[in-house]
Amino acid sequence: MFEEERKQKIADYVQTHKRASVQELAQSFGVSESTVRRDLKGLEDAGELRRTHGGAVAFRDDNAEPPFSEKEDRYRAQKEAVAKAAVATVRDGDSLLLDSGTTTFYVAKLLKGFSRLTVVTNSLMAAQELSERKEIELILTGGILRQETLAMVGPLAEKAVAAIRVNKAFIATNGLDINAGLTTPNLVEAAVKKQMILSAAHVTLLADHSKFGTVSFAKVADLSDIDHVIVDDGLSSGAARQLEEAGIDVTLTRAGSEE
């Protein structure tokens, strides 16, 4: 197989599988690991993929994003388990920042059992879910509504978040990668998420395992900006170890678990 043909096949493999290790690619294409590393560097330079520690992930360079309604049921059991673990860290009297996203929406559903909370959110769906709870002081950021995610974004949302300080923030993401950090398809939504991280004493990232190894268009934060990651146990042991080695507390949840 010629070099260019091999590189194209490697690019196609990574795109199909979303991520691949150097060892996996070397075995699949019958070449040395050093050859794979050289090919990956060339492919990254060409914008075909993004290299990671020990391999590569598919590179997404567009702003395309499925609508909220389409994402809500994707990995639903895993997201509900992650949300349940997140709510277990909440105490009456807490002040919370609740990011927009399908997993954070499941958090909102579970917050209704508390008797005294302050919740600040840019999520239209979360706000609607909590709007009838008199025990919860609900603060909406305002801003421009993004139809794709039903999130309020833009300068008004950013200023509102910058004006407060909370105990805890629950952040959602489209991509989580050891080198690239947290990423999302939209720049203005990334800006609000970034400000939420700055406004919280403790930041917890909520994600299902499919987000790991994915790199999207707009940078939100480095892994060092996150204190805690809650993710379902579909995450590989190697990926969990990488997060822990980065100094992040990791909680693995099991879909359907009563723990």
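Bear in mind these aren't lab numbers, they're just calculated from the coordinates by the rules spelled out. Everything quoted here is computed from the prediction, not taken from an experiment. Note that each Cβ is placed from the backbone with ideal geometry, even for glycine, and that neighbours are counted across all protein chains shown.
Looking at 191, 243, 140, which one has the Cα that reaches farthest to the positive end of the dipole of the chain (charges on Cβ: Lys, Arg +1; Asp, Glu -1)? Projecting each Cα onto the dipole axis, the largest value belongs to 140.
Ordering 146, 165, 37 by the number of other Cβ atoms within 10 Å of each residue's own Cβ, fewest first, gives 165, 37, 146. Packing around the peptides 27-34, 136-143, 234-241, taken as the average count of other Cβ atoms within 10 Å per residue, puts them in this order, highest first: 136-143, 234-241, 27-34. Annotation for segment 113-169 versus segment 205-259: alpha-carbon center distance of 23 Å. Residues 249, 227, 232 in ascending order of nearby Cβ atoms (within 10 Å, fewest first): 249, 227, 232. Entry note, segment 3-58: relative contact order of 41 percent, from Cα contacts under 8 Å with a spacing of 6+ residues. Taking square-rooted eigenvalues a ≥ b ≥ c of the alpha carbon gyration tensor, is segment 171-225 rounded, prolate or oblate, where a/c under 1.5 means rounded and, failing that, a/b exceeding b/c means prolate? Oblate. Which FRET efficiency value, to the nearest 0.05, do you get for residue 34 and residue 159 by plugging their Cβ-Cβ distance into 1/(1 + (r/R0)^6) with R0 = 41 Å? The value I calculate is 0.20.
Ordered by the number of other Cβ atoms lying within 10 Å of each residue's own Cβ, fewest first, 92, 222, 177, 99 fall into the sequence 92, 222, 177, 99.
Quarter the surface of the alpha carbon convex hull of the chain and you get the mean projected area, 13.8 square nanometres.
Between helix 76-87 and the chain, what is the angle of the helix's C-alpha long axis to the longest principal axis, kept within 0 to 90° and rounded to the nearest 10? Tilt relative to the chain: about 50 degrees. Per-residue ellipticity at 222 nm computed for the chain from its helices equals -11000 deg cm²/dmol, with DSSP H segments shorter than 4 residues left out and the rest contributing -39,500 (n - 2.57). About its Cα centre, the chain has a charge dipole of approximately 360 debye under the convention of +1 per Lys or Arg Cβ and -1 per Asp or Glu Cβ, with nothing else charged. Helix 3-17 against the longest principal axis of the chain: what's the angle in degrees, Cα atoms only, rounded to the nearest 10? Its long axis makes an angle of about 30 degrees.
Rounded to the nearest 10 degrees, the inclination of helix 33-45 to the longest alpha-carbon principal axis of the chain is 60 degrees.
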